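Notes follow once the structure below has been shown.
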Amino acid sequence: MARVRISDVAAAAGVSVTTVSLVLNDVESRISQETRDRVRAAATAVGYEPSALARGLRRQRTKTVGLISDQIATTPFAGRMLAGAQDVARANEHLVFLVDTGSDTEVEEAAIRALTAQQVDALIYAAMWHRVVSADVSLPAGTVLLDCRPADGVVGFPSVVPDDREGGAAATRELVAAGHTRIAYIDTAEAATRPLAADLRLQGYRAVLAEAGIAIDDRLHVHGETSHRGGREAADRLLDLPEHHRPTAMFCFNDRMATGAYTAIHARALQIPGDISIIGYDDQQFIAAEQDPPLTTIALPHYEMGRWAMEVALGIREGGVDAVHQMECPVIRRDSVGPPPAHVGKQNRRRTSQHTERSLSATPDR
């Protein structure tokens, strides 16, 4: 008969392996009494009997946490994830061992083995972009996933990601509320490595257009490299459309693409937001707020996700052993969104009125 493991207790109680370890070893923490009772009841129910030797070793906690990342330690765009995690670790007297693998699978596997051998109290696996973790990665059960999620069917890994679908909806909703009906989405390139966030943001964009009664025009969905150049080339294609098809607002996959759209618009002596409104995504430091005019954008909650991951890893917060926690991506309002040009605004109001009349005429009398 197979030996019952601590991960079995975690699954039965609906908590992380770290939480089970803290409860069964009577470690002082902020875990509620209700959760402690549930963990102990689950341990009894599944017949878990901890090894006396292992329990003795676990009481000698190392006060360290391993954090493995693909690129976030070497890029300015996601560094606040590290700041959030480190602030929680510092406040709880833990040291973070950070390993940046450069997305090299062999380095990743070596880092996992080394940190496990060092008997770190917990392990966090962080990604630069919201993505699915490959099933080939040999992560210990209970590893907390930061800005990534487990593959379908893989259990035992609490994770936190941005709510990119709702973020895409919020960006589009902001433009619809300003009076726009011809709203373009400047998307990242179509490729095998296309990020999960791109499709989620596209879903949010389309959902809001449908809710607003705005027909989806495939000509207003364009692709480009995830860069300033890619954004400029994509915006140029939109600006080359006939005037009656040209967008009055552009939602860009990220802030760097939005800066390219700014360049394309200014090159044609058009004004932002007088002629065209722009909204970005990420709220990247030193980019969004420094544009002329400052860019309205959707913020990725990097700092908050980093804090959440470390709190779950240390047992301060319950993450749910199989839960994917989605964090809100708020709108950061600056000066790049306004109403459509006056002549377009009149057309939009007339179309909105016609849509409303059609909706009313289709509604049966009660």
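The values are calculated or read from the model by the stated rules, or taken from the named source; none is laboratory data. From a predicted model like this one, the values you see are computed outputs, not experimental measurements. Glycine also receives a Cβ, built like all others from the backbone with ideal geometry; neighbour counts cover every protein chain displayed. Remember, those area values only see protein heavy atoms, side chains included, never the ligands or the DNA or RNA. Shrake-Rupley method; radii C 1.70, N 1.55, O 1.52, S 1.80 Å.
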**Study point:** Every residue from segment 6-33 that is without any contact (Cβ under 8 Å) to a residue 24 or more places away in the chain and either crowded, with 19+ Cβ neighbours inside 10 Å or more than 16 Å from Ile316 (Cβ to Cβ) (or both)
**Key:** Val20, Val23, Asp26
Exercise for review: Test Gly79 against the criterion of being in contact with a helix residue (DSSP H, G or I) (Cβ under 8 Å, 6 or more places away or on another chain), at pLDDT below 90 and open to solvent by less than 50 Å² (accessible area, probe 1.4 Å), and give yes or no.
Suggested key: yes
Revision key, fill the gap. Of the residues in segment 87-115 that are in contact (Cβ under 8 Å) with a residue 40 or more places away in the chain and open to solvent by 40 Å² or more (accessible area, probe 1.4 Å), the one that is farthest from the chain's Cα centre (by Cα) is Asn92
Check your understanding: Could we say that Pro273 is assigned to a loop (DSSP other than H, G, I, E, B), in contact with a strand residue (DSSP E or B) (Cβ under 6 Å, 6 or more places away or on another chain) and buried (at least 17 other Cβ atoms within 10 Å of the Cβ) here?
Key -> no
Check your understanding: What about Ala258, is it small (Gly, Ala, Ser), crowded, with 24+ Cβ neighbours inside 10 Å and under 22 Å from Leu82 (Cα atoms)?
Key -> no
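Quick grid of which residues meet (1) closer than 20 Å to Ala171 by Cα; (2) surrounded by fewer than 17 Cβ atoms within 10 Å (Cβ to Cβ); (3) in contact with a helix residue (DSSP H, G or I) (Cβ under 7 Å, 6 or more places away or on another chain):
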| site | (1), (2), (3) |
| --- | --- |
| Ser277 | yes, no, yes |
| Glu290 | yes, yes, no |
| Leu295 | yes, no, yes |
| Ile298 | yes, no, yes |
| Pro301 | yes, no, no |
| Gly306 | no, no, yes |
| Gly315 | no, no, yes |
| Gly319 | no, no, yes |
Review point. Out of Thr248, Thr259, which single residue is touching a helix residue (DSSP H, G or I) at 6+ places or on another chain (Cβ under 8 Å), β-branched (Val, Ile, Thr) and farther than 14 Å from Leu175 by Cα?
Key: Thr259
Check your understanding: Checking Val155 against (1) within 21 Å of Cys329 (Cα to Cα); (2) in contact (Cβ under 8 Å) with a residue 60 or more places away in the chain, which test does it fail?
Key -> (1)
Practice item. Any chance you could count how many residues in segment 116-133 are under 27 Å from Leu300 (Cα atoms), open to solvent by 60 Å² or more (accessible area, probe 1.4 Å) and free of Cβ contacts under 8 Å to residues at least 40 places away in the same chain? Key: 0
Study note, to complete from the structure: The correct count of residues that are assigned to a loop (DSSP other than H, G, I, E, B) and either within 14 Å of the chain's Cα centre (by Cα) or free of Cβ contacts under 8 Å to residues at least 12 places away in the same chain (or both) in segment 298-316 is 2
